[in-house]
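Take a look at the structure set out below.
The values are calculated or read from the model by the stated rules, or taken from the named source; none is laboratory data. If you're wondering where the values come from, they're calculated on a predicted model, not measured in any experiment. Neighbour counts are summed over all protein chains in view; Cβ atoms, including those assigned to glycine, are modelled from backbone coordinates with ideal geometry.
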Amino acid sequence: MSQCRHCGAYVSPRDKVCSYCGAPNPHYQPPEKDVNRLLQQGLDAFRQERYAAAAESYQQAAALDPDVFNSYFYLAASLNALGREQEAIDAMRKARQIRPGSAAVAYNLGVMYKGMGRAREAREHLESALQLTETDPALDDNKRMKQIIKQKLKTLP
Ligand SMILES: [Zn+2]
């Protein structure tokens, strides 16, 4: 368990910066070679829309190293593409534990709950995503992300 020295949020030892405030993580260590290889395999499969193969690689990566954000984020996306919605949400919740400040994670949770017809949870996560766009250092275009989230909120009953 490592904490951001600046804001106190949880920071994964595999993340270079805090997901809330962007402060550098002095305890950062890159993943092992085997894990990186699996992540690359997963990404290749994901891009080719081979989601079962992608999920398999990301699951293996997560088993070797439970601290890597991308393993759970893309595992969730792969499972969701396979129609395994509840498992996808479970994986995305793990991604959120690793990067609690990620607007993309909150957004995806919102979209997944919407897909399952669970509007109340969808709204909670989308509103949280909207708030996180104010601080998330991983966003390239905070304004654009805000627009996307607002659009999605409008589609809820
Ligand atoms: Zn921080």
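Just a few scattered comments:
- Qualifying residue in the range 18-30 (condition: buried (at least 17 other Cβ atoms within 10 Å of the Cβ) and more than 10 Å from the ligand (Cβ to nearest atom)): no
- Residue in the range 37-52 that is more than 16 Å from the ligand (Cβ to nearest atom), at positive phi and at pLDDT 95 or above present: yes
- Filter result for the condition that a residue is more than 15 Å from the ligand (Cβ to nearest atom), within 17 Å of the chain's Cα centre (by Cα), surrounded by 18 or more Cβ atoms within 10 Å (Cβ to Cβ) and more than 26 Å from ALA129 (Cα to Cα), over SER57, SER78, SER71: SER57
- Within the range 81-105, residues that are hydroxyl-bearing (Ser, Thr, Tyr) have Cβ atoms under 7 Å from residues that are part of a loop (DSSP other than H, G, I, E, B) in these pairs: SER102/SER19; SER102/ASP136; SER102/ALA138, counting only partners at least 6 apart in sequence or on another chain.
- Extreme residue, nearest to the ligand (Cβ to nearest atom), among residues of the range 1-17 that are in contact with a Phe, Trp or Tyr (Cβ under 6 Å, 6 or more places away or on another chain) and free of Cβ contacts under 8 Å to residues at least 40 places away in the same chain: CYS7
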